[in-house]
Amino acid sequence: MTVPEKSASSKKEPAKKLPICRAVRLCIDGSVQGVGFRVWTRDRALALGVRGWVRNEPDGTVGVHAEGSSEAIDRLLVLLAQGPRGAQVGELSSTEVRVEGHEQFAIRGVSAGLFVVQEHAASTHHFDLRLEVNGVMRSWAVPKGPSMDPVVKRLAVEVPDHEIRESTFEGSRGSGAVILWDRGHYEQGGRVAWPEALERGHAVFVLHGEKLCGGFALQRTGGGTRPQWLLIKRRDEHSAPGSDIVAQRPGSVRSGVTLAELIGHGPP
């Protein structure tokens, strides 16, 4: 019987922070997926003052990046070799790696909420990137639209939060129009917990959309009433150097209509 994983709000906070002087990358084999292993690992890591992440790997193993004091890492290794009730740990391999400077211990591979990209013709033409964070859609206007080319850095202007219920709108709006250019869910990534990562001005995330997939980063470059950011595709198996996904896939993921067609012919 699988044990449901608890929400992030139930995680235990560590009693103290220990000096980070060691990092290891672990691969845990056996019957370790679907038995609450990730939540159990996170709770033990936090109790020990260890930072990093845990995730289910495609091959059925569990991967862990852990960094902290040498004593805490050794204690975590002993616990992981045993595993939680219901798990059957086979082999645990450990490799010493460099310290990356994580400030949290996160469960990777878990949806953080909805994301959408709406193409919008108003006083200016732009794309709106929206990420669900704490019950609202944090939003950025991207004039040229997103890119799957890691070399391309797109300007993204922060705009007011959007209501979740409005994020799937498609149709005519005033003298302009909106299409749902992409949609899906996303994972929060990076070394700093959200939403603090956004407040600091550097947020890493993974999109699982119908057009946009893989890692992205938002990097703030300027403040003011409408802070400016850069939207950057991270290099991974989904990146497409030299591509122009906006031109290659212009249609709505809901209706297939393009923004130009919607403006010319009215709502689909």
Want the number for residue 228 to residue 25: 0.36 nm per residue separation, take away the alpha-carbon distance, what's left? 69.5 nm
Using helices alone, I'd like the mean residue ellipticity at 222 nm for the chain: each DSSP H run of four-plus residues gives -39500 (n - 2.57), total over residue count, nearest 500. -4000 deg cm²/dmol
Which is the longest run of the chain containing none of the GluC sites (Glu not before Pro) found in DSSP loop states (not H, G, I, E, B) with at most 15 other C-beta atoms within 10 Å? 1-99
Compute the helix-to-body angle for 70-82: its Cα long axis versus the longest principal axis of the chain, expressed 0 to 90° and rounded to tens. 90
Skip the ligands, DNA and RNA, and give the accessible area per residue of the chain with a 1.4 Å probe, whole Å². 49
Taking N as the number of residues in the stretch 156-257, what is its Cα Rg relative to 2.2 N^0.38 Å? 1.18
Which value, in Å² rounded to 10, gives the accessible area of residue 213 with a 1.4 Å probe and all protein chains present? 40
Can you work out the base-10 log of I(q)/I(0) for the stretch 74-204 at q = 0.14, 0.17, 0.22 1/Å, using the Debye formula on its C-alpha atoms alone? -0.77, -0.98, -1.41
What the 10 Å binned alpha carbon P(r) of the stretch 188-234 shows, as percent of pairs per bin from 0, is 28, 50, 21, 1
I'd like the FRET efficiency for residue 124 and residue 57, computed as 1/(1 + (r/R0)^6) with the beta carbon distance as r and R0 of 35 Å, rounded to 0.05. 0.20
Could you state the angle between the C-alpha long axis of helix 37-48 and the longest principal axis of the C-alpha atoms of the chain, as a value from 0 to 90 degrees rounded to the nearest 10? 70
Tell me the volume per residue, in Å³, of the convex hull enclosing the alpha carbons of the chain. 151
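R0 = 22 Å: FRET efficiency of residue 238 with residue 114, Cβ-based, nearest 0.05?
According to the calculation, E is roughly 0.70.
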Efficiency of FRET between residue 169 and residue 199 - r from beta-carbon atoms, R0 35 angstrom, step 0.05: 0.80
Between the stretch 73-111 and the stretch 176-196, what is the C-alpha centre distance in whole Å? 27
Under a 10 Å cutoff between Cα atoms, tell me which one of 139, 123, 239 has the largest fluctuation in the Gaussian network model of the chain. 123
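The values are calculated or read from the model by the stated rules, or taken from the named source; none is laboratory data. Please read all numbers here as calculations on a predicted model, not as lab measurements. Positions of Cβ are generated from backbone atoms using ideal geometry, with glycine treated the same way; all protein chains shown enter the neighbour counts. For accessibility, only protein heavy atoms count, side chains too; no ligands or nucleic acids. Shrake-Rupley method; radii C 1.70, N 1.55, O 1.52, S 1.80 Å.
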